[in-house]
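Structure first, commentary second.
The values are calculated or read from the model by the stated rules, or taken from the named source; none is laboratory data. Because the structure is predicted, anything quoted here is derived from the model rather than measured. Every residue, glycine as well, gets a Cβ built from its backbone with ideal geometry; the counts of neighbours run over all protein chains shown. Heavy atoms of the whole protein, side chains included, go into the accessibility calculation; ligands, DNA and RNA do not. Shrake-Rupley method; radii C 1.70, N 1.55, O 1.52, S 1.80 Å.
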Amino acid sequence: MSEVSSVVRIFDTTLRDGEQAARVNLNTGEKVQIARALERLKVDVIEAGFPIASKGDFEAVSSVAAEVRGPIIAGLARTTEKDIARAGEALSGAARARIHTFIATSPIHMEHKLKKTPAEVLKEVERGVSFARSIVSDVEFSAEDASRSDIDFLVEVFTLAIESGAGTINIPDTVGYAMANEFEEFCRTIIKRVNKPDVIWSVHCHNDLGLGVANSLAAVRAGARQVECTINGLGERAGNASMEEIVMGLRTRRDHFGVDTNIDARRFFKTSKLVSTLTGVPVQPNKAIVGTNAFAHEAGIHQHGMLCNRATYEIMTPESVGTPGTELHLGKHSGRHAFNARIETFGYNLTNEQGEAAFEYFKELCDKKKDVSDGDIEALLLDRVLQLTPEKRYTLKDYAVTVGSGGKPTASITLLHDGNEITEAAVGNGPVDASYKAIAKILPFSPELVEFRIGATSESPDALGEAHIILRCREGETDIKAQGRGTSTDIIEATIRAYIKAVNRLYSVAAAREVTL
């Protein structure tokens, strides 16, 4: 770049850093769905995962690289040869591949985590970046915990990384420590001192003090032309900088920043909802841009202003970020075209076979209940059609639950396992407890229920019941978690389905980590 570009690249790390959020565990099918949504959103770079971390992460990066062709697909790697080689292997099917390699540079990280001297870190940088550059033409280098690093050392590190072949240099605020004004000056000083006009400067800001977006925008003012962020601000600890807030901040205040992005912001709402659904992490109602209250007005003064002119209280329109407007009612007389159009608004990308199956399940649901909401349709899609658990070890064959005022609830559960029917019964404190105890008798291990939520897919009186649970398995050195969701017109059936799906996912996670349950 001979001059500073007016376009800021959006580097999405929802599938890597976002998935590192506590209690989030996406499988390959779910990651591909999100990656396709990000492609439609027109992000510039998708960081698909950390290939060396596990077999599952490697497979997910490989699948995204093979199936998503628009954005650059990046894989994260430490500066070790093993990490970088594994990332290169996972990215081999990508149309445009990037290896994103990193090492910590702050005194506290070098001394206590890496146990390396600054000179040893410099050698790692040169060796790692050079090796990555021998595999792919696009290499990004990050100095982990840069905001707490010595600026003279950073200049030396970044200069060496560029000379070794890195075309993008990332300045992370890894622990969300920086203040916006100091981070702007920090980034500006580094960019000026390194003085490499052809390099793209990037930032990756965390939200530990609630300043992830502010610091990212400050870095853009300093000359950064790539911002690393996630949908809904998902990520480690308090999360990452939120993509939707960064993009709309730049777009709404272009008079202040003088730059924009390539993002199709009209897809923000549906992409946010997709990520929330698949990760099981709800979006807070007052979340900027995509929260359910983001464009809701209740105060009388506000409502009066809105009736006079929407611009009195809205600095952007709901339509500009894809918030739904009018709703078309779907029912048993609806055709495939209308149904497929509604599925597309949710952010999913179905095969023809999946679309046909979804439509048939939809028609069956229409015969059971009068009003079918968007929540009902999406829950049906996730529970019956996508089948995002790679392998179904157990499936529900039958169940019977008895609840009476005079006795303890009892449950009898029949599961199919390898073509065989297994039935167990149990007594519990309630119908769900009894059902879960009966299932636990069938399993060869004892999962622990660590989270349980039930709700409805809409506000309609006949809405589908939806259950979401997280199971944990601790057997010897094994300690894994997996989520499960289930839907049904019967809330007890929904909770049973959720439990069985979580069990199946535990097996998938265990297989990816090469452990036995």
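Brief remarks on what is shown
- Taken about its Cα centre, region 124-164 carries a charge dipole of about 160 debye when Lys and Arg each add +1 at the Cβ and Asp and Glu each add -1 at the Cβ.
- Highest mean packing comes first when the peptides 202-210, 467-475, 181-189 are listed by Cβ atoms within 10 Å, giving 202-210, 467-475, 181-189.
- Overall Cα dimensions of region 198-245 - principal axes, largest extent first, Å: 33, 16, 16
- The listed peptides 22-29, 63-70, ordered by packing as a protection proxy, come out as 63-70, 22-29 (highest mean of other Cβ atoms within 10 Å first).
- Accessible surface, 1.4 Å probe, highest first, among residues 319, 424, 378, 19: 319, 424, 19, 378
- Note, ³J(HN,Hα) from phi for region 173-183, Karplus 6.51, -1.76, 1.60, rounded to Hz, x at Gly and Pro: 9, 4, 10, x, 8, 6, 9, 4, 5, 6, 5
- Net charge over other residues, Cβ less than 10 angstrom from the Cβ of residue 424 (K, R count +1; D, E count -1): +2
- In the full protein context, the chain carries 44 Å² of accessible surface per residue, based on a 1.4 Å probe and ignoring ligands, DNA and RNA.
- Legend: distances between Cα atoms for 42/363; 369/481; 397/437; 31/501; 31/116; pairs beyond 24 Å are 42/363; 369/481; 31/116.
- Around the amide H of residue 49, modelled in the peptide plane, lie the amide H atoms of 76, all under 5 Å away and 5 or more residues distant in sequence or on another chain.
- If you take the Cα centroid of region 12-66 and the Cα centroid of region 214-235, the two points sit 19 Å apart.
- Evaluated with a Cβ-only charge set (Lys, Arg +1; Asp, Glu -1), region 385-517 carries a dipole of roughly 160 debye about its Cα centre, given to the nearest 20.
- Separation between Cα centres of region 481-500 and region 434-473, rounded to whole Å: 5 Å
- Identified option (computed Rg and Dmax of the Cα atoms in Å; candidates [x] 24.8, 81; [y] 24.0, 76; [z] 22.4, 72): [x]
- Charged side chains reduced to their Cβ positions (Lys and Arg at +1, Asp and Glu at -1) give the chain a dipole of some 280 debye around its Cα centre.
- Spin-label model distance (nm) - residue 252 vs residue 208, 7 Å beyond Cα toward Cβ: 2.8 nm
- When peptides 138-150, 103-115 are sorted by average Cβ neighbour count within 10 Å, with the highest value leading, the order is 138-150, 103-115.
- Dipole of region 406-475, positive end: most advanced residue of 442, 416, 454 [Cβ charges, Cα centre]: 442
- Separation of the residue 332 and residue 152 label points, Cα + 7 Å toward Cβ, nm: 8.0 nm
- Degrees, to the nearest 10: 28-41 long Cα axis against longest axis of the chain: 60 degrees
- For residue 424 and residue 451, the FRET efficiency from 1/(1 + (r/R0)^6), where r spans their Cβ atoms and R0 equals 22 Å, is about 0.40.
- Proximal charge balance of residue 165 [Cβ under 14 Å; K/R count +1, D/E count -1]: -1
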